[in-house]
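**Student:** One structure, pasted below without further comment.
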Amino acid sequence: MTLRSEMMNDRDLWDLAGAGDTEAFGLLFDRHARAVYNFLFRRTASASDAEDLTSSVFLLAWRKRTQVVLDRDSALPWLLKVADYAARTEWRSVRRYRLALARAGVARDEHPDHADEVAAQIDDERRMAEVRRAVRLLPRHERQVVELCIWSGLDQQAAAVALGIAVGTVKSRLSRARQRLQGLLVLPQER
């Protein structure tokens, strides 16, 4: 990939990927995979689930590259919307699986993931689970703007595009969410 292509915006790279340019798609992946992974890690509080879902998001992006037209210079809002759908679909699938096991009276054989033995990852997941529990208490519309603006670093305009709402609505939801979270999250020194 040339220096010129690395300076191209996402929309131009997306168009090239749609024409079959795998290097252009690879550059899009390099630009946004970390942001998608972080979004999903914050959603799931599981590193392995976030990795799997990130792969699913980019697989779907590759499959849809000729059908989806980006309306902004960045692909990130669209990728995060796909990530949101992927996480919700995964939760529904896991919930149905657990309900089916419970109805069948089958005990699940729980084997911890060997990666969870890494102390840093366990601590990260524990902290993220605490934050996720607090964010989960927010109304869905406020939770969405927190996930997009605060966790994923989208500006309010990009979040508005991803959610299909006005920028002013994003601003007011974000303000209310911040106020609620201040009351829900206890900092370590306050415990």
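A short reminder: the numbers here are calculations on the coordinates, not readings from a lab. As the structure is a prediction and not an experimental result, all values here were calculated from the model. Glycine also receives a Cβ, built like all others from the backbone with ideal geometry; neighbour counts cover every protein chain displayed.
**Student:** Using the structure shown, decide if Trp62 is crowded, with 19+ Cβ neighbours inside 10 Å, touching a residue at least 12 places away in the same chain (Cβ under 8 Å) and either in a helix (DSSP H, G or I) or in contact with a His (Cβ under 8 Å, 6 or more places away or on another chain) (or both).
**Tutor:** When the stated conditions are applied, Trp62 does not pass them.
**Student:** Quick check on this structure: which one of Ser93, Ser74, Ser56 is small (Gly, Ala, Ser) and under 15 Å from the mean Cα position of the chain (by Cα)?
**Tutor:** Only one candidate passes the filter, namely Ser56.
**Student:** Could you say whether any residue in region 134-142 is outside any helix (DSSP H, G or I), charged (D, E, K, R) and without any contact (Cβ under 8 Å) to a residue 12 or more places away in the chain?
**Tutor:** No; the residues of region 134-142 include none that is outside any helix (DSSP H, G or I), charged (D, E, K, R) and without any contact (Cβ under 8 Å) to a residue 12 or more places away in the chain.
**Student:** Only residues that are surrounded by 14 or more Cβ atoms within 10 Å (Cβ to Cβ) and within 15 Å of the chain's Cα centre (by Cα): list them for region 132-152, please.
**Tutor:** Arg132, Val135, Arg143, Gln144, Val145, Val146, Glu147, Leu148, Cys149, Ile150, Trp151, Ser152 - these are the residues of region 132-152 that are surrounded by 14 or more Cβ atoms within 10 Å (Cβ to Cβ) and within 15 Å of the chain's Cα centre (by Cα).
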